[in-house]
Each structure stands twice: as structure tokens, then as C-alpha cells.
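All remarks here apply to the structure that follows.
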Amino acid sequence: NWSSVSAGYNQALAVKTTGTLWAWARQDNGELGDNGDTEWVYSPKQIGALTNWSSVSAGLSSSFAVKTNGTLWSWGRNNNGKLGLGDISNRASPNQIGTLTTWSSVANGGVYGAAIKTDGTLWSWGYNAYGQLGLGNTTYYSSPKQIGSLTSWDSVYAGTWNSFAIKTDNTAWCWGYNYTGQLGLN
């Protein structure tokens, strides 16, 4: 009865078909969302009692999720503002990013985040030394910033230093670190 799962550097997250949130593994930085508990968890443990979680994305000591009501959430280590909460303070339990209810998916790059809204716009935040936020610069942002003005993004995938996305016309796009040709641009 699992509907969504994601493996991060230190932790794993999952959502059941009942809408409950589950996590396990290491939690030195609050990445499990277990309200500050730092004991490692060796099998799936339910986090809270809510039943409206939709999808999860685990990264490097940070976690992201989207709820069924379209809200976007994050928790864990927050260096470089990678939680998208407007600051650099770590969080030991899920915190809502902004107040919008129009998020459809989220990707965790470990040091940054990227998400798509229901209107097809693409957003990113966090560490940006290699331009992986797709904003045309290398500035770090601690809250979501829209990438361009297109409304045709369908899915986004975040690597540590590069990003990949697919538009509704099924074309693939990439940006960020390309030192070993990982962007596939020849």
C-alpha cells in the first residue's frame, strides 16, 4: 500500500495510499521530520498522524513533500536556504513553504530544490554555484524563484549540481554543472 517513495543521502521517505508519511534511516539533521528525535530508525516509522501527503523527495539531509491540498513542505538541514523557507535554520519537522496551494511536484537535489506548480511553471531555490537553479546566475536563494515564464513544464528532476526537466511537448531540458558531460549536450 505504498504510493510514493524516495531515497536520499541519509534517509528514505515514503507515502502510503492512506496518505500517511513514513521515514527511516539516519536523522542527524531532522531529515526524517520526527520532531527533533536524533535516534536512527531502522524500519519505516510513521511521521505524525496526517493523512494528506501525496509525494516525497529525499535529498542530502533534507526532505520535501507535496500534500494532496497542493501545499509544499520541507524539513531537515537548511544550509544555503535549501529548504525554501526564507532562512537557513534547520527544521526537525515538516514546515510549509509559503502559503500557496498550487504545487504539483517537487524534486530534491540535495543542496537545492525544484518544483512545478499546477499552472505548469517551474521554480527552484537553494545552492546555485553551478547554475543548477536555472535562473541565469549563481546566486543562492532561500525561497522559491520562478524559472522563466513558460507554463509548459511537466516534470523536473534534480541532481546535486544539475537539473533536468520535461515539457508537456515531451522535449527534455537540462542546465547546471556539465564538467563530465552529464547534461548530454555533446
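The values are calculated or read from the model by the stated rules, or taken from the named source; none is laboratory data. For clarity, every value in this text was computed on a predicted model and none was experimentally measured. All Cβ positions, glycine included, derive from the backbone under ideal geometry; neighbour counts span all protein chains shown. Note: accessible area is taken over every heavy atom of the protein model, side chains too, but ligands, DNA and RNA are not part of it. Shrake-Rupley method; radii C 1.70, N 1.55, O 1.52, S 1.80 Å.
Numbers at a glance
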{"quantity": "Ordering of 161-174, 18-31, 106-119 by burial proxy (mean other Cβ atoms within 10 Å per residue, highest first)", "calculated": "106-119, 18-31, 161-174"}
{"quantity": "Tensor-based shape of region 101-186 (alpha-carbon gyration tensor, a/c under 1.5 rounded, otherwise prolate or oblate)", "calculated": "oblate"}
{"quantity": "Between region 21-41 and region 69-124, the Cα center-to-center distance that results, in Å", "calculated": "18"}
{"quantity": "Where Rh is the Kirkwood radius over Cα pairs, Rg/Rh for region 96-150", "calculated": "0.94"}
{"quantity": "Built amide H within the under 5 Å cut-off of Leu21, gap 5+", "calculated": "Ile47"}
{"quantity": "Per residue accessible area in Å² of the chain, where ligands, DNA and RNA are left out and the probe is 1.4 Å", "calculated": "46"}
{"quantity": "Cα gyration tensor, region 16-124 - rounded (a/c under 1.5), prolate or oblate", "calculated": "oblate"}
{"quantity": "Nearby lysines by direct alpha-carbon distance to Lys117 (threshold 22 angstrom, same-chain neighbours under 8 apart not counted)", "calculated": "Lys67, Lys82, Lys145, Lys167"}
{"quantity": "Gaussian network model of the chain, Cα within-10 Å springs - most flexible of Tyr157, Tyr42, Tyr130", "calculated": "Tyr42"}
{"quantity": "Charge tally in the Cβ shell below 13 Å around Ser74, where Lys, Arg are +1 and Asp, Glu are -1, Ser74 excluded", "calculated": "+2"}
{"quantity": "Additional length obtainable on full extension of the chain from Ala49 to Ser3, 0.36 nm per residue less Cα span", "calculated": "14.9 nm"}
{"quantity": "Label assignment, semi-axes √(5λ) of the Cα gyration tensor in Å derived from the structure, set (i) 31, 18, 15; (ii) 26, 18, 15; (iii) 26, 24, 16", "calculated": "(ii)"}
{"quantity": "Region 49-159 - percent of accessible surface contributed by carbon and sulfur, probe 1.4 Å", "calculated": "49"}
